[in-house]
Amino acid sequence: MSTVLQVSNIKKRFGGITAVDGVSFDVQEGEILGLIGPNGCGKSTLFNCILGQLTPSEGEVKVDGQVVTGLRPSELNRLGVSRTFQLLQVFPKLSVRENLILAGQEHQGSMLSRLFGPSDAGLTGTADQMIAFFKLGHLADEPAGGLSYGQQKLLDAAMAFMGGPRLVLLDEPAGGVNLTMLADLKERLSAINREKRATFVVIEHNMEFVMSLCSRVMVMAEGKVLAIGKPDEVRANPAVIEAYLGH
Amino acid sequence: MTAIPRALRIALGILVIAGLILAPMNFNRYGLFILSQWAVMTIAAIGLNLTLGYAGQVSLAQGAFVGIGAYSAAILTTQGMPLVAALGVAIVLCFAVGWILGYPALRVQHHYLAFVTLAFSTLAFLVFRNEDWLTKGIYGISNIPRPHIFGIATNKPLPFYYVCLGSLGIVTSAMWWLIRSPWGRAFLALRENPVRALSLGIDTRRYTLMAFAIGSALGGVAGVLYAPLTQYIDPVPFNQSLSLDLLMMVIVGGAGFFFGPFLGAMIAVLLPEWLRFTEGYYLMLYAVAVILLLIYSPTGILGILDRILAERRTKTASALRAVTKSRLETAP
């Protein structure tokens, strides 16, 4: 088993505030790492530093042993690192299928070959598989903006998998999703993790969701790593209870 | 616009194309000139619609590219070069300059970007007016020849109208292809949500530059046709107001709608002719009409159509739901 993501001593300062303060951790291939912590503890900022949306003030990020700090998000995506955002980010005017094709097309051939190639970049089949996998079959041709919030959340997650990523960072995939849909989402994520050996890092506030989905959990508070370990260990950790779970 | 049946759309398309080919056969010289001008301006507006409507990058410099194209054609063809060569030069030149003009768009957006492009437009105008050695300055370039296409002279208005119309046809097909390709999807993603686009591997920088470069190149194509159409050019038509006119065509027709520029250019070129009887009042009427239109429908004329069709779709869908529901309720 190899290390997919290696984060060493990441710091991010905004003026006088240190949002992320020396965070280091590794993620092994096939693992699902949960990332929890109170609001404002630096989880999303850490994601943005790893994914190139923000440039870290200090520290280094490696994907499969290759240093990727400072790469643009689009370059990282084409290296097989994919993400979802905390707020919904589907393209409302495009249909569900078009959203998925868009999410995968830049992984097909070169820019020039895409211009002269087929209009779906050869991805209709893959998109339809993904639609079936996430149980959105009856909605394939609907504009994404017409879907319910939960369905859009599923589509948002599905889009992260279109490029066949090695590593997926999910920012609150369960936020605002109803219970039935949540069970679906969890089951689908576990399945994709098993079948495709995709590695995940998941930010989530829903404890039940995190504890049952993730193989390891990392707790952050005030920009630092408070604890990291198996869900049960973390749940029993006094510092964690003090900072987060107890409240 | 999926609510219009496919067969009807094809029939409508054929009717319009046939009309554009057949009807002008008994037009007078002036009518043909106006219609040719419509075709030329539509090409420039299609280019701006790509940059602004599809990729969401504001440009107030499209008129400058029409000018660059027109001067390329005027200078080269009066030196005895064929118009096709001038076309090649203009496309390459405008593509390159448009690409460079796209760089500020990587740093600034919206009205800031509008100002950058405005400055460029002014710069281009000053070059047209002041660089006498190249452009003959305010005296302009006259006796611009019209081309021979496959050995056929296009000096007369009707053949040259067909040159313009044919060019519009080629540009339309190419744009249709582009918008339907993965690039079209990427442009739309760039307009709607650049942050998400970037995280999906879309190189937003390159697509932004491409949107500028291709849009500008089409402005150049329009210019290459404009020069032999008027057979005389001076700097005045390529001042800032042309860029604003083109912007208006795109907005009034419907930015981001494929046929928006056709409609917008039709209104901008033909309406003054139809309103001629109002004499001096036409500009006022035009301005009031545009203000009212944009209050009622900020997405332009095709935006109205789109809204009506969407409403009809929703009504059909709710009617279907109601039927299903009543069936379920009456089921034993």
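The values are calculated or read from the model by the stated rules, or taken from the named source; none is laboratory data. Predicted model only: the values in this text are computed from it and were never measured. Neighbour counts are summed over all protein chains in view; Cβ atoms, including those assigned to glycine, are modelled from backbone coordinates with ideal geometry.
Things to note:
- Against the conditions (1) of a type in the set (V, I, T); (2) surrounded by 16 or more Cβ atoms within 10 Å (Cβ to Cβ); (3) closer than 30 Å to A:T84 by Cα, B:V195 satisfies every one except (2).
- Single unsatisfied condition, A:G52 versus (1) more than 14 Å from chain B (Cβ to nearest Cβ); (2) surrounded by 22 or more Cβ atoms within 10 Å (Cβ to Cβ); (3) not in a helix (DSSP H, G or I): (1)
- Residue in the stretch B:244-255 that is over 22 Å from B:T135 (Cβ atoms), in contact (Cβ under 8 Å) with a residue 24 or more places away in the chain and assigned to a loop (DSSP other than H, G, I, E, B) present: yes
- Listed by first and then second residue, the pairs linking a residue in the stretch A:102-128 that is touching a residue at least 40 places away in the same chain (Cβ under 8 Å) to a residue that is among the polar types (S, T, N, Q), with Cβ atoms under 8 Å apart and 6 or more places separating them unless they lie on different chains, are A:G104/A:T126; A:E106/A:S74; A:E106/A:N77.
- Test set (1) farther than 15 Å from B:L165 by Cα; (2) under 21 Å from the mean Cα position of the chain (by Cα) - B:Q37 fails condition number: (1)
- Of all residues making up the stretch A:119-141, the number that are within 7 Å of another protein chain (Cβ to nearest Cβ) and either modelled with pLDDT under 90 or crowded, with 19+ Cβ neighbours inside 10 Å (or both): 1
- When B:L123, B:L106 are checked against the criterion of being closer than 20 Å to B:L209 by Cβ, in contact with a Lys or Arg (Cβ under 9 Å, 6 or more places away or on another chain) and not hydroxyl-bearing (S, T, Y), a single residue qualifies: B:L106.
- Taken over the stretch B:176-187, residues that are crowded, with 22+ Cβ neighbours inside 10 Å and at the interface with chain A (Cβ under 7 Å from one of its Cβ atoms) amount to 3.
- Filter result (crowded, with 24+ Cβ neighbours inside 10 Å and either of a type in the set (A, V, I, L, M) or away from chain A (no Cβ under 12 Å) (or both)) within the stretch B:198-207: B:L200, B:I202
- In the stretch A:99-118, residue farthest from the other protein chains (Cβ to nearest Cβ) [restricted to those that are part of a loop (DSSP other than H, G, I, E, B) and closer than 20 Å to B:T208 by Cα]: A:S110
- Of all residues in the stretch A:73-130, exactly one satisfies the criterion of being out of contact with any Gly (no Cβ under 8 Å at 6 or more places or on another chain), among the charged types (D, E, K, R) and under 26 Å from A:L54 (Cα atoms), namely A:R83.
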